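To start, the structure itself, in structure tokens.
The values are calculated or read from the model by the stated rules, or taken from the named source; none is laboratory data. The shown structure was predicted, so the numbers you read here are calculated from the model rather than taken from an experiment. All Cβ positions, glycine included, derive from the backbone under ideal geometry; neighbour counts span all protein chains shown. Each accessible area value is taken on the protein alone, full model and side chains, heavy atoms only, with ligands, DNA and RNA left out. Shrake-Rupley method; radii C 1.70, N 1.55, O 1.52, S 1.80 Å.
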Amino acid sequence: MLPSDPIILLSYVNTKLRDRYASLALFCEEEGANEASLRAALAEVGYTYDPARNQFV
């Protein structure tokens, strides 16, 4: 289960992307997360996914 607080979610996802997953799509597939919902939740606090950096910035 993903954290519900957006800032904790940001930290959690970026850490997983850095340490374990080569892309957001792989993260979502393995973690059972909805990519569109995840992007929307983080966009609400000003973050977008940068595939070149493989993190939300």
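Of note:
- For the chain: relative contact order, % (alpha-carbon pairs under 8 angstrom, 6 or more apart): 36
- Applying D = kT/(6 pi eta Rh) to the chain, where Rh is the Kirkwood radius over alpha-carbon pairs, T corresponds to 10 °C and eta to 1.306 mPa s, the Stokes-Einstein value obtained is 144 µm²/s.
- Computed FRET value (nearest 0.05) for residue 52 with residue 1, which takes r as the C-beta separation and R₀ as 35 Å: 0.75
- Accessible surface area normalised per residue over the chain is 64 Å², counting heavy atoms of protein chains with a 1.4 Å rolling probe.
- Converting phi to 3J(HN,Hα) with the Karplus coefficients 6.51, -1.76 and 1.60 and the offset θ = phi - 60°, region 26-33 yields 5, 4, 4, 4, 6, 8, x, 9 Hz in sequence order, with x at every glycine or proline.
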